[in-house]
1. Answer yes or no as to whether K45 is charged (D, E, K, R) and either under 30 Å from S69 (Cα atoms) or surrounded by fewer than 15 Cβ atoms within 10 Å (Cβ to Cβ) (or both).
2. Can you find even one residue in segment 36-52 that is of a type in the set (D, E, K, R) and touching a residue at least 12 places away in the same chain (Cβ under 8 Å)?
3. Against the condition open to solvent by 90 Å² or more (accessible area, probe 1.4 Å), in contact with a strand residue (DSSP E or B) (Cβ under 8 Å, 6 or more places away or on another chain) and either farther than 30 Å from W142 by Cβ or acidic (D, E) (or both), how does I3 come out, does it pass?
4. Give me the pairs: first residue in segment 13-32 and open to solvent by less than 70 Å² (accessible area, probe 1.4 Å), second residue assigned to a loop (DSSP other than H, G, I, E, B) and modelled with pLDDT under 90, beta-carbon distance under 6 Å, and six or more apart or on different chains, which are they?
5. When you go through (1) part of a helix (DSSP H, G or I); (2) farther than 26 Å from N81 by Cβ; (3) more than 19 Å from the chain's Cα centre (by Cα) one by one for Q26, which number turns out not to apply?
6. Go through (1) of a type outside the set (S, T, Y); (2) closer than 24 Å to W85 by Cα; (3) in contact with a Leu (Cβ under 9 Å, 6 or more places away or on another chain) for G21 and report which single condition fails.
Amino acid sequence: MNITKDKVGALIFFIFSVSYGYYAYQIPLYPGEEYDVFSSQSMPKLYALVSIIISALAIILSIINDIKSPPCERANKQDFNRKGWSQVALLIALMVFYGSTLELLGFIISTILFLIFGYLILGERRPKILIVASVPVVLVFWAIMTQLLGIYLTTGDLWG
């Protein structure tokens, strides 16, 4: 049995879903809410259950397809390679960097840097595309969130 991207993705989603389900039971209930049919725990528990079922089915179907496929077809399937793992690790490190610089640099600069470096990690090298795909997207999103919806997004400690 080969470990493919489908199996790894489904397994990660399964682990996330089980963890989410565990924490759904940790949501505190208001007094008297424990006897209600629908409480603050209801939807998270339902989401966890549905996602556990879907991810388990994805794992099972991937294994069944692996067993049913002929050996020559199994050899052609793309396994999870070293480049894929390094991209995943770099993107996780980039998310940590983004979370740690959000307060310091502010939403706009942190998000533009996050998108540019994310595109670089994924293989885009053209500077024009990097700028056009990140700066306008962030500025439009910022304008919608702050000006239209009135949601506060940090301006950053570096500027204020």
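1. Spelling it out, it is not the case that K45 is charged (D, E, K, R) and either under 30 Å from S69 (Cα atoms) or surrounded by fewer than 15 Cβ atoms within 10 Å (Cβ to Cβ) (or both).
2. Yes, that holds for at least one residue.
3. Criteria met by I3.
4. A24/Q41; I27/S40; I27/Q41; L29/S39
5. Looking at each condition in turn, Q26 falls short on (1).
6. Condition (2) is where G21 drops out.
Per-residue answers, yes or no, for (1) surrounded by 15 or more Cβ atoms within 10 Å (Cβ to Cβ); (2) in contact with a Ser or Thr (Cβ under 7 Å, 6 or more places away or on another chain); (3) among the charged types (D, E, K, R); (4) outside any loop (DSSP other than H, G, I, E, B):
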residue: S110; (1), (2), (3), (4): yes, yes, no, yes
residue: L113; (1), (2), (3), (4): yes, no, no, yes
residue: R125; (1), (2), (3), (4): no, no, yes, no
residue: V138; (1), (2), (3), (4): yes, yes, no, yes
residue: I151; (1), (2), (3), (4): no, no, no, no
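Okay, residues lined up against (1) in contact with a strand residue (DSSP E or B) (Cβ under 6 Å, 6 or more places away or on another chain); (2) at pLDDT below 95; (3) over 30 Å from I3 (Cα atoms):
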site: M43; (1), (2), (3): no, yes, yes
site: I67; (1), (2), (3): no, yes, no
site: F107; (1), (2), (3): no, yes, yes
site: I112; (1), (2), (3): no, no, yes
site: I116; (1), (2), (3): no, no, yes
site: Y119; (1), (2), (3): no, no, no
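The values are calculated or read from the model by the stated rules, or taken from the named source; none is laboratory data. Bear in mind that the values here come from a model prediction, so they are computed numbers and not experimental data. All Cβ positions, even for glycine, are placed from backbone atoms using ideal geometry, and neighbour counts span all protein chains on display. These accessible areas exclude ligands, DNA and RNA; they are computed on the full protein's heavy atoms, side chains included. Shrake-Rupley method; radii C 1.70, N 1.55, O 1.52, S 1.80 Å.
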